[in-house]
Amino acid sequence: MRDAAEFDFFYSASVQRVLGQLYAMIGSRVEAEDAVAEAYARAWDRWGAVRECDSPEAWVRSVAYRVAVSAWRKAVNRLSAHRRQAAAQPVEAVTVDHVALVVALRRIPAEQRRVVVLHHLVGLSVAEIATEAGTNVNTVKTRLARGRRALAAHLADDEYQITGGGRGHEV
């Protein structure tokens, strides 16, 4: 049977020291906190065996370091996989119209942008959008109408701005 009081004492006496040590080893306090929390959880699950180690604190520190390194490896592998996947996919040329649409979409309110994209780019019906957005059909219709009007106004302005006149706008 686990001795909760014994583990609590061990945890209280060692957690700040182990956290400081791991932070010094890996250079990120947030990652150190996550790894140390995971290591103490594992120690609690195996407390019967961990308390018999020569140094339960060393066991926790070692596990925490391995957890942190494992997280780094997963992140690096995920990034590498994304890069390989992206490199294998052809990139379509971006037209001035595409840039203008993206700029105009960024200028309208998020609720309007969502329904415009779902209706015109994804191809959902008004009823499907209402279900997905958790709202009623009339709200979707109103947002769609307002979004179209706002987009039309912004797209009329953008042709002049993107080609070099007017205020200009970063994309």
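The values are calculated or read from the model by the stated rules, or taken from the named source; none is laboratory data. What you are looking at is a predicted structure, and each value in this text was computed from that prediction instead of being measured. Using ideal geometry, Cβ is built from the backbone for each residue, glycine included, and neighbour counts are taken over all protein chains shown. The protein model used for the area step is the full one, side chains on, heavy atoms only, and it has no ligands, DNA or RNA in it. Shrake-Rupley method; radii C 1.70, N 1.55, O 1.52, S 1.80 Å.
What number comes out for accessible area per residue over the chain if the probe is 1.4 Å? Units Å², please.
Details: 11480 Å² over 171 residues.
Result: 67 Å² of accessible area for each residue.
Taking the Cα centre of the chain as origin and assigning +1 to Lys and Arg Cβ atoms and -1 to Asp and Glu Cβ atoms, the resulting dipole is close to 460 debye.
Between N77 and S28, what is the FRET efficiency for a Förster distance of 22 Å, r being their Cβ-Cβ separation, to the nearest 0.05? According to the calculation, E is roughly 0.75.
For the chain, how big is Rg over Rh, using alpha carbon atoms and the Kirkwood form of Rh? Walk me through the intermediate numbers first.
Numbers: Rg = 27.3 Å, Rh = 21.4 Å.
Computed over Cα atoms, the ratio is 1.28.
Can you tell me the length gained on complete extension of the stretch E92 to L121, counting 0.36 nm per residue apart and subtracting the Cα distance? Don't jump to the answer; show the numbers that get you there.
On the way: separation 29, 0.36 × 29 = 10.44 nm, distance 1.67 nm.
Gain in length upon complete extension: 8.8 nm.
Taking the longest Cα principal axis of the chain as reference, the axis of helix 4-26 is set at about 60 degrees. By how many degrees, 0 to 90 and rounded to 10, does the Cα axis of helix 29-45 deviate from the longest principal axis of the chain? The two axes meet at around 50 degrees. In the range 33-115, the convex hull through the Cα atoms has an average projected area of 10.0 nm², a quarter of its surface area.
In deg cm²/dmol, rounded to 500, what helix-only [θ] at 222 nm does the chain give when every DSSP H run of at least 4 residues adds -39500 (n - 2.57) and the total is split over its residues?
Result for the chain: -25500 deg cm²/dmol, rounded to the nearest 500.
With all protein chains in place and a 1.4 Å probe, the accessible surface of the chain carries 53 percent carbon and sulfur. A viscosity of 1.306 mPa s and a temperature of 10 °C, combined with the Kirkwood radius over Cα pairs in Stokes-Einstein, give a translational diffusion coefficient for the range 1-77 of 126 µm²/s.
With contacts defined as alpha carbon pairs under 8 Å and 6 or more residues apart, what's the relative contact order of the chain in percent?
Numbers: 102 pairs, mean separation 27.5, N = 171.
Relative contact order comes out at 16 percent.
Ligands, DNA and RNA aside, T131 has an accessible area near 110 Å² when probed at 1.4 Å.
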